[in-house]
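The values are calculated or read from the model by the stated rules, or taken from the named source; none is laboratory data. None of these values were measured; they are calculated from a predicted model. So basically every Cβ, Gly included, is an ideal-geometry build from the backbone, and we count neighbours across all protein chains shown. Keep in mind that these areas ignore ligands, DNA and RNA; they rest on the heavy atoms of the full protein, side chains included. Shrake-Rupley method; radii C 1.70, N 1.55, O 1.52, S 1.80 Å.
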Amino acid sequence: MLLRGVALLAACFVAGQILGETLGRLLGIQANVGGVGFAMLFLILSQNELEKRGLFHLEMGEGVTFWSKMYIPIIVAMSSVQNVRVAFSNGLLALLAGILPVLACLALMPLLSKLAPKE
Amino acid sequence: MEYIITFLDKNGLVFAFLVTGIIMYFSEGISKTLTRGKIPGSAISIFMGLVLAYFAGLLTLGKKGIADLPGFSGFEIMGGAMFRDFAIVSTAMGASFAIIKKTGPIGILSLFLGVIISFVVGAIIAYSMGITDAESLTTIGAGACTFVVGPVTGTALGASSDIIAISIAAGVVKSILVTIGTPLIAPYIGLKTPQSAMIFGGLMGTTSGTAAGLAATDPKLVPYGAMTATFYTGLGCLLCPSVLYFVMRAIF
């Protein structure tokens, strides 16, 4: 049962990523367009569907939750393989071009939040 | 000594689990004692990861942080795109489809605004520092989106390699800034609901930065932010070498 959960997650991952890659090809760009997002939608929808039919076991859910708990350790490992040196050694232009756009976008946060529908 | 390093490289992933566990254990301790729990242990662990990557980069002059150190190659797998994306997808379980659907349109708006504003501000900075040709300006503007959009755009437009290097560096700076800055700024920009996380993901883009920043802020927000952020790089690769480049060429 545990592995069925992992397999479900893997199925959603593969389907979503391939959809993202295909979409990128169709648009003629060298990038994955929303693969992770599609995979997440597949996971949410298939979980709902399985629950409706009474096929979603608790242990299956644990196969997925294990990975969501591994998330932070994986992010720690990810940050430790970043090219941090190049970020700080490429001069003022790279630093400013990395920092100022973030600040400009952050300034828009409150405005967009006001436009968002309430729960 | 030699055979131990060979052993660790051969069993790289398992060794990476061990080292990450040690980093997180010490970070929890620092969080409890030095900051009295004010800065979460996860945020400190992520920051420690970046610091280790910086010093490993100085030592090895490599591109892959501590994965370039002998014995630590397994970090490339554990911290690579495959495990990262697999774990991000898993966080979607239990996320509300209703909220995602309802916030969808504003999420798309935030994506377009995020790409265009980053591009424009990035290009203005490049211009003010003496760069004047449309290709280089576009490449640096694209680098201000993410460290993937920069090189993809630069390669497509035939920008020089040092300009592409700057665009990658700008993207990496952005990713690191979002990683460290998100938990610090979250209370001031109202980043506490799934809706706001979706908008944040769209504005910031950088999947690694957004996902790590939200994880340190509130793990419940991760799936919502990642949902929009994952479309950002694709949208950037779509807009920068085409529409935005044509606009730049019309101006310069």
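Among B:Gly213, B:Gly190, which is the only one that is of a type outside the set (D, E, K, R), free of Cβ contacts under 8 Å to residues at least 60 places away in the same chain and not in a helix (DSSP H, G or I)?
Of the residues listed, the single one that is of a type outside the set (D, E, K, R), free of Cβ contacts under 8 Å to residues at least 60 places away in the same chain and not in a helix (DSSP H, G or I) is B:Gly190.
Can you pull out every residue in the stretch A:85-95 that is at the interface with another protein chain (Cβ under 7 Å from one of its Cβ atoms), modelled with pLDDT of 80 or more and either touching a Phe, Trp or Tyr at 6+ places or on another chain (Cβ under 9 Å) or surrounded by fewer than 21 Cβ atoms within 10 Å (Cβ to Cβ) (or both)?
Residues satisfying the conditions are A:Arg85, A:Ala94, A:Leu95.
Collect the residues in the stretch B:20-67 that are more than 7 Å from chain A (Cβ to nearest Cβ) and touching a Leu at 6+ places or on another chain (Cβ under 8 Å), keeping them in residue-number order.
Across the stretch B:20-67, the qualifying residues are B:Ala56, B:Leu59, B:Thr60.
Could you name every one of the helices (runs of 4 or more DSSP H) located completely within the stretch B:68-164 that has at least 3 residues being more than 7 Å from chain A (Cβ to nearest Cβ)?
So the answer is B:97-128, B:134-143, B:149-157.
Report whether or not B:Gly213 is farther than 20 Å from B:Phe83 by Cα, open to solvent by less than 20 Å² (accessible area, probe 1.4 Å), more than 8 Å from chain A (Cβ to nearest Cβ) and touching a helix residue (DSSP H, G or I) at 6+ places or on another chain (Cβ under 9 Å).
Spelling it out, it is not the case that B:Gly213 is farther than 20 Å from B:Phe83 by Cα, open to solvent by less than 20 Å² (accessible area, probe 1.4 Å), more than 8 Å from chain A (Cβ to nearest Cβ) and touching a helix residue (DSSP H, G or I) at 6+ places or on another chain (Cβ under 9 Å).
As an exercise: evaluate B:Val152 against (1) modelled with pLDDT under 85; (2) within 30 Å of A:Gly63 (Cβ to Cβ) and give the number of the one condition it does not meet.
(2)
With the checklist (1) more than 11 Å from chain B (Cβ to nearest Cβ); (2) touching a residue at least 24 places away in the same chain (Cβ under 8 Å); (3) surrounded by 14 or more Cβ atoms within 10 Å (Cβ to Cβ); (4) out of contact with any helix residue (DSSP H, G or I) (no Cβ under 6 Å at 6 or more places or on another chain) in hand, flag the one item A:Leu3 doesn't pass.
Of (1) more than 11 Å from chain B (Cβ to nearest Cβ); (2) touching a residue at least 24 places away in the same chain (Cβ under 8 Å); (3) surrounded by 14 or more Cβ atoms within 10 Å (Cβ to Cβ); (4) out of contact with any helix residue (DSSP H, G or I) (no Cβ under 6 Å at 6 or more places or on another chain), only one is false for A:Leu3: (3).
Among what's in the stretch A:63-79 and is at pLDDT below 90 and open to solvent by 40 Å² or more (accessible area, probe 1.4 Å), pick the residue that is farthest from B:Ala98 (Cα to Cα).
That would be A:Lys69.
For the stretch B:27-67, name all the residues that are over 22 Å from the mean Cα position of the chain (by Cα) and either assigned to a helix (DSSP H, G or I) or crowded, with 22+ Cβ neighbours inside 10 Å (or both).
Once the filter is applied, which keeps residues that are over 22 Å from the mean Cα position of the chain (by Cα) and either assigned to a helix (DSSP H, G or I) or crowded, with 22+ Cβ neighbours inside 10 Å (or both), the stretch B:27-67 yields B:Glu28, B:Gly29, B:Ile30, B:Ser31, B:Lys32, B:Thr33, B:Leu59, B:Thr60.
Can you say whether B:Leu184 is part of a helix (DSSP H, G or I) and either crowded, with 24+ Cβ neighbours inside 10 Å or modelled with pLDDT under 85 (or both), as far as the supplied structure shows?
It is false that B:Leu184 is part of a helix (DSSP H, G or I) and either crowded, with 24+ Cβ neighbours inside 10 Å or modelled with pLDDT under 85 (or both).
Which is closer than 14 Å to B:Met204 by Cβ, buried (at least 24 other Cβ atoms within 10 Å of the Cβ) and out of contact with any Leu (no Cβ under 7 Å at 6 or more places or on another chain), of B:Val149, B:Val115?
Result of the check over B:Val149, B:Val115: B:Val149.
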